[in-house]
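Before any comments, here is the structure.
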Amino acid sequence: MPYYSPGESLVRERSDRFLRRMYFMRMLGTFLCFFPILSVLLERGASWIAVTLLALNAFVWPHVAMLISRRSQHPNQAEFRNLAFDAIAGGAWVAQMGVCLLPSAVLTSILIADRFSAGGWQLLRRAALFYCIGFIVCWPFTGMTFYTTVTDRTLWLTLPLSSIYIIAFSAANYSISRKLRDKQHELEKSALMDPFLGLPNRRLLDRRLMLEFERSRHDLACLMVLGVDDLKMVNDLFGREAGDYVLRSVSAILRQETGLNDFPAILGGDEFVVILPGVSEEEAYAVGYRLLLKTSEIRLSQDEGFQCSLSIGVATSKHHENYNQWLATAERALVNVKRNGKNGIGSAGRADAVA
């Protein structure tokens, strides 16, 4: 069983976007192809049957293809079959034009680019096969003769196809690539954030610690490691939902009470970290006291007498060889605070308790 399976509505929405894009490009392509192909057919004295089929292909087929795809139980597969028919029609019209160089080259190039964009090499190989089938079937009906003349009329009627369609094709692909970039950015962000607590996770914390430690060589920086006191007891007495509520509340306080340049994050379990760039130890203690005060306001509906508290270890970046040592010093300070009664702030040089 897959870890994640998109819902039916999401799959349908993606399918509808694909169908709408193909519908628009098919309408535009067949409309622009109609005029240069008609010009060559008239020059070659084609029958009214060929002209009628060309008109049906240009003005009726896009709507029929859309109807077929929408009514199918598997719209995307139906659309790929429609693309195969487009390739057959493309080969047939190139044969009907006697491989007239300019419109044939532009039409073939557009078919190649469009199919590769829609389905990569696999769809392109299939389209090339159907293109050849369409050409081979219709070629004998044209007398198997080449028509190399490109009149001024055909030239001018081909120009919109070679310009307008390519611009529209590029715009559609840009829209898709932009959405992919946005989606990739969202995925990268979600990979570095804890969705439950709304704070950066350990992966992003390590990156930021390394960066701030390097910066602190030229400036002050402090690090606070915060542990929620007695969270296991809260889980045991009131259930995991109560413990989760406490963690979310502490996370919200860290987001609200830290500065714009500060960096709160999750260390793991019931422990958090706040990086304080450009802050002295005294200033870090002031931030810590504010966090202790705000945390003490957290209450549980299961017990009106419950009062949440934190233990905080503080360490400056001085006298450390790397950011791991910096973090380890703050963690040792946190352990000392917990040993001395919790609900307080401590560092290598001092330890303060809050009554």
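The values are calculated or read from the model by the stated rules, or taken from the named source; none is laboratory data. Fair warning: this is a prediction, and the values are worked out from it, not measured in the lab. Quick reminder, even Gly has a Cβ in these numbers, built from the backbone with ideal geometry, and neighbours come from all protein chains shown. The protein model used for the area step is the full one, side chains on, heavy atoms only, and it has no ligands, DNA or RNA in it. Shrake-Rupley method; radii C 1.70, N 1.55, O 1.52, S 1.80 Å.
Okay, here's what the table says:
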| read-out | value |
| --- | --- |
| Cα gyration tensor shape for the stretch 64-175, rounded if a/c is under 1.5, else prolate or oblate | oblate |
| 27 Å Cα cut-off, lysine pairs counted over the chain (separation 8 or more, or different chains) | 8 |
| Folded to 0 to 90 degrees: helix 281-295 orientation relative to the chain principal axis, Cα | 80 degrees |
| GLN122-MET144 pseudo-label distance in nm [points 7 Å out on the Cα-to-Cβ vector] | 3.7 nm |
| Residue (of MET22, ALA46, PHE35) at the positive-pole extreme of the stretch 14-55, dipole from beta-carbon charges | MET22 |
| Nearest-10 value in Å² for the accessible area of TRP139, using the 1.4 Å probe | 30 Å² |
| Low-density loop positions, GluC sites (Glu not before Pro), the stretch 224-303 - DSSP coil, at most 11 other Cβ in 10 Å | GLU297 |
| Modelled label reach - ARG202, point 7 Å along Cα→Cβ, the stretch 244-280 residues with backbone N closer than 14 Å | 266-273 |
| TYR245 accessible area, assembled protein chains, probe 1.4 Å, Å² | 100 Å² |
| Computed over the chain: relative contact order in percent, which uses C-alpha pairs under 8 Å that are six or more apart | 13 percent |
| Structure-based [θ]222 nm, the chain - -39500 (n - 2.57) summed over DSSP H runs of at least 4, per residue, nearest 500 | -22500 deg cm²/dmol |
| Stokes-Einstein D in µm²/s, Kirkwood radius over Cα pairs - the stretch 252-355 at 37 °C with 0.692 mPa s viscosity | 230 µm²/s |
| For Cα Rg over 2.2 N^0.38 Å, calculated from these coordinates, the label among (1) 1.31; (2) 1.66; (3) 1.72 | (2) |
